[in-house]
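Novice: One structure, pasted below without further comment.
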Amino acid sequence: MNTKVPSREEAYKLLTEYNKNESLIKHALAVEGVMRYIARKLGEDEEKWGVIGLIHDLDYEKYPDQHCQKTEEILKENDWPDEYIRAVVSHGFGICTDVEPLTELEKYLYAIDELTGLVVTTALVRPSKSVLDMKAKSVKKKWKDKRFAAGVNRSVIENGAGMLGVEIAELITDTIMGMREVADLIGLKGSVTG
């Protein structure tokens, strides 16, 4: 078993080696930001949570039909710890893998992966085009309209919240707060000044 802990720099280098699409990279940065925020809130290892969030969709651009399976192969080839690999693979539970999220880290990754997409889409239709002035109720309003961000699997978010035992509103707030910290990197600073 490998005990070498991958650094953020190593994770980012690997991510950008396999992904050139700007929106996929922004998505990875958004998920990393949220994972770091939640880790801090829970007193968990921010670096570990962030790195796993950053690398979670490693194979998506090149191997969409083998999502999660290819990431597992690539991370094993790069001597990543089993715990990190399992966490990444578990975010595809019920969609492209049968690895169930068991730890808090895995459950949060599973839930917020989809949720960041809904938050991004909601931010982009706001006058400010920003997450900096967004509240959970804005996202909740859009939640009900199934045509809005139709690609976002709301049942995955609901299942994740259920696994965690947290309200959807709290999950949305945490996701917004984490994305605020990386708003500049993900293009969602918008016209809000301050």
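Where a number appears in this text, it was derived from the coordinates with a stated rule and is not lab data. Predicted, not measured: the structure shown is a model, and the values here were computed from it. FYI the Cβ positions are ideal-geometry reconstructions off the backbone, even for glycines, and counts take in every protein chain you see.
Novice: Counting other C-beta atoms within 10 Å, and keeping those with at most 11, which DSSP coil GluC sites (Glu not before Pro) do you find in region 78-116? Walk me through the numbers on the way to the answer.
Specialist: Values: sites: 83, 104, 106, 114; in loops: none.
Nothing satisfies the criteria.
Novice: Hey, another quick one. For region 19-34 and region 107-150, compute the distance between their C-alpha centroids and round to whole Å.
Specialist: Taking the Cα centre of each part, region 19-34 and region 107-150 sit 15 Å apart.
Novice: Quick one: which of 62/146; 13/76; 107/189; 76/107; 41/70; 26/62 span more than 24 angstrom between C-alpha atoms? Please list the in-between numbers first.
Specialist: Numbers: 62/146 29 Å; 13/76 16 Å; 107/189 28 Å; 76/107 22 Å; 41/70 31 Å; 26/62 16 Å.
Result: 62/146; 107/189; 41/70 exceed 24 Å.
Novice: Expressed as an acute angle from 0 to 90° and rounded to the nearest 10, what is the orientation of the C-alpha long axis of helix 46-55 relative to the principal long axis of the chain?
Specialist: Taking Cα atoms only, the helix is inclined about 90 degrees.
Novice: Still on this structure, I have one more. Per-residue ellipticity at 222 nm for the chain, helices alone: DSSP H runs ≥ 4 residues times -39500 (n - 2.57), over residue total, nearest 500 deg cm²/dmol?
Specialist: Details: 9 runs with 113 residues, N = 194.
Roughly -18500 deg cm²/dmol at 222 nm, from the helical runs in the chain.
Novice: Rounded to the nearest whole Å³, what is the per residue volume of the convex hull around the Cα atoms of the chain? Spell out each step's value before the answer.
Specialist: Values: hull volume 22.4 nm³, N = 194.
Once divided by residue count, the hull of the chain is 116 Å³.
Novice: Using only the alpha-carbon atoms, how far is helix 154-164 inclined from the longest principal axis of the chain? Give it as 0 to 90 degrees, nearest 10.
Specialist: Its long axis makes an angle of about 70 degrees.
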